[in-house]
1. Work out the mean other chain Cβ neighbour count within 10 Å for the residues of B:189-200 and drop it here as an integer.
2. Please list, in chain and number order, the residues 5+ apart from A:TYR108 or on another chain whose amide H is under 5 Å from its amide H, with Hs placed from the backbone.
3. Which of the residue pairs A:LYS126/A:LYS146; A:LYS117/A:LYS146; A:LYS100/B:LYS147; A:LYS116/A:LYS146; A:LYS100/B:LYS307 have a Cα-Cα distance greater than 23 Å in the structure shown?
4. Around B:VAL301, which amide H atoms from residues at least 5 apart in sequence, or from another chain, sit under 5 Å from its own amide H, with H modelled in the peptide plane?
5. If I take the Cα coordinates of the range B:119-307 and project them onto the principal axes, what are the three extents in Å, biggest first?
6. Over all residues in A:66-73, what is the mean tally of Cβ atoms on other chains that come within 10 Å of each residue's Cβ?
7. How far apart, in nm, are two points set 7 Å out from the Cα along the Cα-to-Cβ line at A:GLN133 and at B:THR83?
8. Relative contact order of the range B:177-308: what whole-number percent is it, with Cα pairs under 8 angstrom and at least 6 residues apart?
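Only the coordinates and a few stated rules stand behind these numbers; no lab work does. Note that this is a predicted model, so its numbers are computed, not measured. Heads up, the Cβs are rebuilt from the backbone with ideal geometry, glycines too, and the neighbour counts pull from every protein chain shown.
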Amino acid sequence: MENLPEFLKGKRLALIVGALIVLLIVLMVFSTRSNNQSQSVVQPTQAVQPAPDENTDIFNDSQNAQSPEVQQAISEQIQADQEYADWQQSNSDAYSWIRKLPLTAVNYFVYFDLEKKVFIGRLYPKTGENVDQLKSEVLNRLKTEKEIPVENFQFEWMVNP
Amino acid sequence: MDKNKYQRKLTIELLYHLALGIVVTGVGLMTVVLGVTLSTLNASAQTWFEPTQKQGTFDFTQAPTSVPKPSSAPKVTKPPQITGPLPTGGAVPPTADVYCIDDEDPDGCDDQTAFHVPKGVGGISGTCGTVISQSHKLVNSLPQFLKGMRDSLNPAVSSNCGSTGPYSSPNYISTFFVIDSYNLAGYNELSKNNASHVNAADMLNWWKTNPPGYKFIPYSPTAIQQHASGQQDLTGCVMFINLGSGRVHPGIFNIYQQVNSNGDGVVSMLQSGARYFLDRFIVAGWAIQNTPQHQTVISGVAGFGCKQ
């Protein structure tokens, strides 16, 4: 320590301090690069990607500048969807109870045929079971549970052994 | 002279201590920076060297360049599930594993007689989940009013594979619902920027060409029977409905509720661009009813667009 002042005379101190500062800067740069590299390593595993901006449609990045062909296709599909929706609505208007069907049980399956406009009753009677009694049960359930005016419609029964 | 020498010595010692202080401070700063850097890495980044689920189940077993072709006699993946009489009940929260279908509209469910349709699970799966699970998420963002068109999307739906963005009415068309279901699951072959995918009739033709990794299953009662027996899972496949005008309306196959062993039941599909986000079709003896020969508006189920 006694020789220290002599040792540090002149430019030696400046050199040592300078070298330490340079070393510090190099270490900090290295640390920053390591951090960036670790992020680039995990990027391909999509599970750790940052949450996408929910208001950005990355599946359709040109949503506001679609090509004329895409705009035409969208327009055509809107018409197709409307046609389908009109079919849904017309069924609902004509047969307000249509979505209450089918009527199901262990030994029967009953639905409404929209083209024939008749009820189809597929019966699976157990051995010795009275088929007429089964039909009566079906009609009763349709009237009371489903509130369907069954007297206005015909029935086609299909009895399966 | 001695005084000057003493002062110089003091100055040098001061500089020495200053340099030492800078070094100690620098080392401390470096330690803090490294500590903060490490703490900000999430769990996946810290375990990047460990095999992930994606690597374990997808990358090493299903390379895109060697998609396994279905054999003529695929093995049964699940036993037939006959549910018996269809379940009913009242209103359920969006997080429930069933949809409650009211008599006239799917959002009512004001009594205990409404059908409960199970939310389909399994089926086609990508790197970000199953297609059907993404469809369920999309359904939650469709309009939830009692009656009206389900042709907008808000809020946007996201997965680790991306985000849909919000859509105003009537722009969230049925094909966008299909494309988003696949894109969110991790399949990017379908695009909302491709006119051939946006128009459902063209999308059907695209599928019929059986592009790599995809396959088209023409409708037949056998297709439903094979689904029920587990030979060909249709969950998450696109169900194409031919309209009488020649147009096409698509949805995502949700579930087949098989009531008895004779092939009676109900097929349901999820969709946008319609009055109901969930539509059900009667199946009698394995055949989908009220579609092909039985309707003038709906000319039939064309088939199912699936992922291999």
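1. Details: counts 0, 1, 3, 10, 9, 4, 10, 3, 2, 11, 9, 6.
Across B:189-200, the average partner-chain Cβ count within 10 Å equals 6.
2. Those lying under 5 Å, H to H, from A:TYR108 are A:TYR124.
3. A:LYS126/A:LYS146; A:LYS100/B:LYS307
4. Hits under the 5 Å cutoff: B:ASN242.
5. Per principal axis, max minus min of the Cα coordinates gives 43, 35, 29 Å.
6. Going residue by residue through A:66-73 and averaging, the value is 5.
7. 3.0 nm
8. Values: 242 pairs, mean separation 35.1, N = 132.
Over the range B:177-308, the number comes to 27 percent.
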